[in-house]
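Asker: Structure in structure tokens, see below.
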Amino acid sequence: MNLSNKVCCSHCHLEFNEEVMIVDKTNYFCCKGCQGVFHLLSDEGLDSFYDKTANTKLSAPSTQYENSNNFNAPAFYDKFVKINSDGTSRVSLIIEGIHCSACIWLNEKALHKMDGIIEVEINFTNNKANIVWLDEVVKLSNIVDMIRAVGYNAYPYDASLQEVHANNERKDYYLRMAVAIFASMNIMWIAVAQYAGFFSGMTQEIKTILNIAEGVLATPVLFYSGWIFFRGSYYGLKNNIVNMDLLVATGASLTYVYSVYITITQYGESYFDSVSMIITFVLIGKFLEVISKKNAADSLDIIGRHLPSEVNVLKNNQITAYALDDVKIGDIIIVSSGERILLDGEILKGEGSFNESNLTGESEPVYKKVGESVISGTVSIDADIHFRVSRDFKHSTISNLVSLLENAISKKPKIEILANRLSEHFSSVVLVLAILTFFVWWFWPHSLEESLMVGVSVIIISCPCALGLATPVATLIGLNIGAKKGILFKESAQLETMAKATTLVVDKTGTLTLGKPDVIEEIILHDFDKRLLFSLVKASSHPISQGLVHFLKKDKEPEEVIFDSFNQVVARGISAEYNDIKILGGNLQFMLDNGLESDFISENSLFFLAINKKIVVIYELADTVKEGASSLVENLKREDIETIMLTGDHEKSAHKVARLLGINNVHADLSPQGKLSFVQALQKKGKVIVMVGDGVNDILALGAADIGIAMGSGSDIAIDVGDVILLNDSLISLLAAFKISSTTFSLIKQNFGISLVYNAVTIPLAMAGYIIPLIAALSMSLSSLLVVGNSLRIKYKWSRS
């Protein structure tokens, strides 16, 4: 029989018959797809990809793809594409066909070479690609075409499908554990007979029969229940990584092979019971880790959990159920008592109490009536209402907060990056120690059985998992506790940074005070048209302006006028012009900047109104200090964290609040640039700065600080720039944010200590021969669970607070 010669494809490295070969100069291809990809990479200067995949076999490009134009459909964009504030588009795709880090390198390089691509990040663990691009320059279909052109495929990331995958994985664990536990229990019964025979006497024939019975039961435990360790070892070695799976698979396999040898030669003692117990204990430990990590991650969904998929919409006097994504701005939603609010809007009919604890952490119900806003994610306690939708579901409060929490997990703290680097080398070191231990014991007692069991114990007892779990579980729980208390960390790395803070820099109005000043005195110097003042302050969102609006509305709301020109100066005031009348309204510094003077001074906030270069009225306003402000300053002082007040208000007002709270370092009359310069000066001195603010005048300082914290009722820009958001505006929550960060970071360091001490004590004991493989397997699982359990302490501590 004449066999065709085999040829290796120049792209995918798969062998094929030369009869179907495509010859292209000195290159050989198994299909047109591989030939096209090869030339594409060469033309784009990406042919170094083949140096990285010299020993890797790839999948040949497939041509059975759906039309890429489907990715440009409006329905696809509505569901999967997010438009960023800067106008760029963002999508998450799952890339099929990734085998190794070289595949990630190729995809990222190929996409970065395209015009309009801003950012590409591919996660190797789940093949999830986050892509940011300019839609007016390149279409999503072109991006997908490029991914397909280099030999891969892409489809949209869908969290619900990931949950299905997680459930299937859990079921797989259940089945593998059931087999392992059933077999191990029966092996133990056989082992009891063997140990009894060891002391009372047993013939070799009986012993061999019992060994065979144990071997039959241990085989499915090793190769079925333990398959996940072999699979993990394969992918680890494929990427030049020695991981925990390799240690478990190596230790159990060596013990199994040795026991088979003993059974065949009928000489010595078999250790099939150890094989079974190693796999069973480690599998159970690994499963409990998976469950613990998933519970910690799932608890982050505390805000968005159990959301119904439909709402009742009132159209043409008929109530119809609509999918959330189909509801438009302006639609009228009907909500009954006990139901959850799924979209943001304004109440048109009805009133009642709402539970906002999911968002703010506050357990007290909030009463709302017609004209007030309802927030998605809250629950109607006793209110039957109709409300008009103000934001679609994609841009609703609930969606934005869930997105923030999802993104928080992806940014790793520095200490976790360090732990991962240690874990990468830890397993390799353990493997070397195990080999050295084997040879030392082989040359000293000269017993293969004893040296092998000691070497296996060294492999099994080491636990890089505990080191790897030291940070992520504690971090997830910290983020979860924060979310429950209305504290949103945009990145998990910010927990570590905040724990190292040395200085709190805080704004006054709206941060230390309620930000709702009331007029306590009106000093009229000259007659003036109140319509001008009312129209001027109503156009501003500043708390002083809103306090004046409230005051002017008390008697009879003045009519509004339309200004010919209008200009707002941040942290100073407002200028406008109406029918040749020049109007200035703001603080004393704003008057001085415009050549006007006043000798009126007060410890409270002042608002001056000047018409045609003449001050006509002065308003004195007083604000109320927020609950928990004194406690915040006092507690931080005990932790050696200095509190500094920065404000655009005048000095006397600032010092009045500072005296009430015990703040010694106060800087008033600051512009946004002044606050920024102050924060940067502190950073140059080596200080770690936490800046807290709520207004537009705080955004520069918030952005420059190591941690910027925005109050939830503040401006959208301040919330956008802030690293941490306090949804309930509470200074008690701000103090809690410091405590959560500190406790979480402390637990991470404890976990590191537990892991390092465990390995420093147990590995030498195993090398000295004091620990058998069975105890080693149990110890390794317990060490991981100890780290997880220690991390959970923070959860139970805060659940009682």
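The values are calculated or read from the model by the stated rules, or taken from the named source; none is laboratory data. This is a predicted model, so every value here is computed, not measured. For neighbour counting, all protein chains shown are included, and Cβ atoms are generated from backbone atoms with ideal geometry for every residue, glycine included. To get the accessible areas, we keep the full protein, side chains included, count just its heavy atoms, and leave off ligands, DNA and RNA. Shrake-Rupley method; radii C 1.70, N 1.55, O 1.52, S 1.80 Å.
Asker: Taking the condition more than 27 Å from Ile641 (Cβ to Cβ) and modelled with pLDDT of 80 or more, does Phe528 pass?
Answerer: yes
Asker: When the residues of the stretch 531-558 are filtered to those that are open to solvent by less than 50 Å² (accessible area, probe 1.4 Å) and of a type in the set (Ser, Thr, Tyr), which remaining residue is modelled with the lowest pLDDT?
Answerer: Ser540
Asker: OK, next. Among the numbered criteria (1) at pLDDT 85 or above; (2) part of a helix (DSSP H, G or I); (3) open to solvent by less than 10 Å² (accessible area, probe 1.4 Å), which one does Ser742 miss?
Answerer: The failed condition is (3).
Asker: Exactly one condition in (1) among the β-branched types (Val, Ile, Thr); (2) at pLDDT 90 or above; (3) open to solvent by 90 Å² or more (accessible area, probe 1.4 Å) is false for Val561; which is it?
Answerer: Only one criterion in (1) among the β-branched types (Val, Ile, Thr); (2) at pLDDT 90 or above; (3) open to solvent by 90 Å² or more (accessible area, probe 1.4 Å) is unmet by Val561, namely (3).
Asker: Being open to solvent by 50 Å² or more (accessible area, probe 1.4 Å) and touching a residue at least 12 places away in the same chain (Cβ under 8 Å) is the filter here; which residues of the stretch 315-335 pass it?
Answerer: Within the stretch 315-335, Lys315, Ile319, Tyr322, Asp325, Lys328, Ile329 meet the criteria.
Asker: Could you check the stretch 186-211 and list, in sequence order, the residues that are open to solvent by 90 Å² or more (accessible area, probe 1.4 Å) and either among the acidic types (Asp, Glu) or at pLDDT 90 or above (or both)?
Answerer: Glu205, Ile209
Asker: Could you identify the single residue in Ile303, Ile291, Ile385, Ile375 that is among the β-branched types (Val, Ile, Thr), surrounded by 18 or more Cβ atoms within 10 Å (Cβ to Cβ) and modelled with pLDDT under 80?
Answerer: Matching residue, one of Ile303, Ile291, Ile385, Ile375: Ile303.
Asker: I'm told Ala766 meets every condition in (1) surrounded by fewer than 19 Cβ atoms within 10 Å (Cβ to Cβ); (2) at pLDDT 85 or above; (3) assigned to a helix (DSSP H, G or I) except one. Can you identify the failing condition by its number?
Answerer: Unmet condition: (1).
A quick yes/no check of all residues on (1) at pLDDT 85 or above; (2) farther than 30 Å from Ser399 by Cα; (3) open to solvent by less than 50 Å² (accessible area, probe 1.4 Å); (4) among the β-branched types (Val, Ile, Thr):
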residue	(1), (2), (3), (4)
Asn107	no, no, yes, no
Val132	yes, no, yes, yes
Asp135	yes, no, yes, no
Ser141	yes, no, yes, no
Val150	no, yes, yes, yes
Glu169	no, no, no, no
Phe182	yes, yes, no, no
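Asker: Please give the number of the condition Ala218 fails out of (1) over 22 Å from Arg176 (Cβ atoms); (2) at pLDDT 85 or above.
Answerer: (1)
Asker: Looking at Ser630, Ser605, can you tell me which residue is among the hydroxyl-bearing types (Ser, Thr, Tyr), under 30 Å from Arg659 (Cβ atoms) and surrounded by fewer than 21 Cβ atoms within 10 Å (Cβ to Cβ)?
Answerer: Result of the check over Ser630, Ser605: Ser630.
Asker: Counting just the residues of the stretch 577-592 that are open to solvent by 10 Å² or more (accessible area, probe 1.4 Å) and in contact (Cβ under 8 Å) with a residue 24 or more places away in the chain, which one comes out farthest from the chain's Cα centre (by Cα)?
Answerer: It comes out as Ile581.
Asker: Does Tyr758 count as of a type outside the set (Lys, Arg) and either surrounded by fewer than 18 Cβ atoms within 10 Å (Cβ to Cβ) or touching a strand residue (DSSP E or B) at 6+ places or on another chain (Cβ under 7 Å) (or both)?
Answerer: When the stated conditions are applied, Tyr758 does not pass them.
Asker: Conditions: (1) farther than 28 Å from Leu661 by Cα; (2) at pLDDT 90 or above; (3) among the aliphatic types (A, V, I, L, M). Val519 meets all but one. Number of the miss?
Answerer: All conditions pass for Val519, except number (1).
Asker: Being aliphatic (A, V, I, L, M) and either under 27 Å from Lys516 (Cβ atoms) or open to solvent by 50 Å² or more (accessible area, probe 1.4 Å) (or both) is the filter here, so list the residues in the stretch 593-602 that pass it.
Answerer: Ile601 - this is the single residue of the stretch 593-602 that is aliphatic (A, V, I, L, M) and either under 27 Å from Lys516 (Cβ atoms) or open to solvent by 50 Å² or more (accessible area, probe 1.4 Å) (or both).
Asker: Name every residue in the stretch 245-261 that is buried (at least 22 other Cβ atoms within 10 Å of the Cβ), among the β-branched types (Val, Ile, Thr) and closer than 18 Å to Glu450 by Cβ, in order of residue number.
Answerer: Answer for the stretch 245-261, where residues must be buried (at least 22 other Cβ atoms within 10 Å of the Cβ), among the β-branched types (Val, Ile, Thr) and closer than 18 Å to Glu450 by Cβ: just Thr255.
Asker: I've got another one for you. For residues in the stretch 491-524 being part of a loop (DSSP other than H, G, I, E, B), under 14 Å from Val690 (Cβ atoms) and in contact with a helix residue (DSSP H, G or I) (Cβ under 8 Å, 6 or more places away or on another chain), which is most open to solvent (accessible area, probe 1.4 Å)?
Answerer: In this case the residue turns out to be Lys500.
Asker: Which of the numbered conditions does Phe439 fail, given that it passes all the others? Conditions: (1) open to solvent by less than 10 Å² (accessible area, probe 1.4 Å); (2) assigned to a helix (DSSP H, G or I).
Answerer: Condition not satisfied by Phe439: (1).
Asker: If the requirement is being among the acidic types (Asp, Glu) and touching an Asp or Glu at 6+ places or on another chain (Cβ under 6 Å), which of these qualifies: Asp564, Asp593, Asp599, Asp555?
Answerer: Within the list Asp564, Asp593, Asp599, Asp555, the selection yields Asp564.
Asker: Looking at (1) surrounded by 23 or more Cβ atoms within 10 Å (Cβ to Cβ); (2) not in a loop (DSSP other than H, G, I, E, B), can you tell me which one Val666 breaks?
Answerer: Val666 satisfies every listed condition except (1).
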